[in-house]
Amino acid sequence: MELQPPDPPLSDGVVTLRQWTLDDVPAIAAACADQEIARWIHQLPSPYRESDAREYVLSTEAAWRDCLGAFFAVVEHASGAVVGSIAMHVLDRELANVEVGYWTAAPARGRGLTTRAVRLLSGWAVDEAGAKRVQLRADVRNGASLRVAEKAGFTREGTLRASGFNNREDRRVDYAVFSLLPGEGS
Ligand SMILES: CC(C)(COP(=O)(O)OP(=O)(O)OC[C@H]1O[C@@H](n2cnc3c(N)ncnc32)[C@H](O)[C@@H]1OP(=O)(O)O)[C@@H](O)C(=O)NCCC(=O)NCCS
C-alpha cells in the first residue's frame, strides 16, 4: 500500500477530509473534552488537554510518513470548521488490511456528517490507497457507531467477544466487526 495524502483533499461538497495542522489543536481539545468520546474511545487521555491534541497532530504527521495510516480532520465544507476526526490505520501492509476509526464533536452529531466521512475515507482507501479490506470495530453498546457503519455500507460480520478492555468502566468489551471490500459501499 502507498499512502499519499489526497490532493486536492477528499470532499463530497458537504464534508472535506484534510490533514491535521497545529492550528486545529484547540478544536480537537474542545471536542475531546466530551464524555461521550471518552466513553467510547477509552484509549484517549481523560481529561483531554491541549498538549494531548498537539501530541496527536504531531503523531499523525509521523504516522503518515511511516505509512502507518491516514489521519484526517473532518471539516464542514461550507464553513471550514473542524467537526470531527477520521483515521485509517494500516493493520497489515502486505495484505492491505486497514481499519477505520472516528469521532465527531457533540454539536455536529446527528446530521450524517460521520457517515459521509466514512464513505469518503473508505472509498479513497480502496480506490486510491489500495486497501483490500476496510475493517470497522465498534463496542456492541455503541448504537450510534453501529448505525454509522451500517449506513456507510459496511457488512456486519460478527462479534469479537470480550476482545477489548475498557479500563474506565472496568469491563471487557464485545466489539462488533464490520468490513467493506473493494466494489462494495456507496
Ligand atoms: C458515533 C459518532 C461518530 C456518530 O456521529 P454522527 O455524526 O452523529 O453520525 P451520523 O449523523 O452520520 O449517524 C448517526 C446515526 O446513529 C443514530 N444514533 C444516534 N444515537 C444512537 C443510539 N444511541 N443508538 C442507536 N442509534 C443512534 C442516529 O439516529 C443516526 O442514524 P439515522 O441517520 O438512521 O437516524 C458520534 O456519536 C461520536 O463521536 N461518538 C463518540 C465517539 C465514538 O463513539 N466513536 C466511534 C468509536 S467506534
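The values are calculated or read from the model by the stated rules, or taken from the named source; none is laboratory data. Just so we're clear, the structure is a prediction, and the values are computed from it rather than from any experiment. All Cβ positions, even for glycine, are placed from backbone atoms using ideal geometry, and neighbour counts span all protein chains on display. Ligands, DNA and RNA are stripped out before the accessible areas are found, and what is left, the full protein with its side chains, is counted by its heavy atoms. Shrake-Rupley method; radii C 1.70, N 1.55, O 1.52, S 1.80 Å.
Only one of (1) touching a residue at least 24 places away in the same chain (Cβ under 8 Å); (2) open to solvent by 60 Å² or more (accessible area, probe 1.4 Å); (3) within 26 Å of Leu180 (Cβ to Cβ) is not met by Val83, so which one is it?
Val83 satisfies all of (1) touching a residue at least 24 places away in the same chain (Cβ under 8 Å); (2) open to solvent by 60 Å² or more (accessible area, probe 1.4 Å); (3) within 26 Å of Leu180 (Cβ to Cβ) except (2).
Give me the pairs, please: first residue somewhere in region 102-121 and open to solvent by less than 30 Å² (accessible area, probe 1.4 Å), second residue anywhere and in a helix (DSSP H, G or I) and of a type outside the set (A, V, I, L, M, F, W, C), beta-carbon distance under 6 Å, and either six or more positions apart or on two chains.
These pairs meet every condition: Thr104/Thr114; Thr115/Lys151.
So, Gln43, is that one over 15 Å from Ala108 (Cα atoms), open to solvent by 60 Å² or more (accessible area, probe 1.4 Å) and within 15 Å of the ligand (Cβ to nearest atom) or not?
yes
Identify, from the list Ala162, Ala125, the residue that is in a helix (DSSP H, G or I) and either touching a Pro at 6+ places or on another chain (Cβ under 6 Å) or without any contact (Cβ under 8 Å) to a residue 60 or more places away in the chain (or both).
Answer to the check: Ala125.
This table checks each residue for (1) modelled with pLDDT under 95; (2) away from the ligand (no atom under 14 Å from the Cβ); (3) more than 24 Å from Arg18 (Cβ to Cβ); (4) hydrophobic (A, V, I, L, M, F, W, C).
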{"site": "Gly112", "(1), (2), (3), (4)": "no, no, no, no"}
{"site": "Arg119", "(1), (2), (3), (4)": "no, no, no, no"}
{"site": "Ser122", "(1), (2), (3), (4)": "no, no, no, no"}
{"site": "Val126", "(1), (2), (3), (4)": "no, yes, no, yes"}
{"site": "Ala152", "(1), (2), (3), (4)": "no, no, no, yes"}
{"site": "Val177", "(1), (2), (3), (4)": "no, no, yes, yes"}
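So which residues in region 31-55 are modelled with pLDDT of 95 or more, more than 29 Å from Gly123 (Cβ to Cβ) and not aromatic (Phe, Trp, Tyr)?
Passing the criteria: Ala33, Arg49, Glu50, Ser51, Asp52, Arg54, Glu55.
So which residues in region 53-80 are surrounded by fewer than 20 Cβ atoms within 10 Å (Cβ to Cβ), within 11 Å of Leu17 (Cα to Cα) and in contact (Cβ under 8 Å) with a residue 60 or more places away in the chain?
Glu76, His77 - these are the residues of region 53-80 that are surrounded by fewer than 20 Cβ atoms within 10 Å (Cβ to Cβ), within 11 Å of Leu17 (Cα to Cα) and in contact (Cβ under 8 Å) with a residue 60 or more places away in the chain.
I need the full set of residues from region 132-150 which are assigned to a strand (DSSP E or B) and more than 8 Å from the ligand (Cβ to nearest atom), in order please.
Within region 132-150, Arg133, Val134, Gln135 qualify.
Do you know which residues across region 14-40 are loosely packed, with under 15 Cβ neighbours inside 10 Å, away from the ligand (no atom under 16 Å from the Cβ) and assigned to a loop (DSSP other than H, G, I, E, B)?
Of everything in region 14-40, just one residue is loosely packed, with under 15 Cβ neighbours inside 10 Å, away from the ligand (no atom under 16 Å from the Cβ) and assigned to a loop (DSSP other than H, G, I, E, B), namely Thr21.
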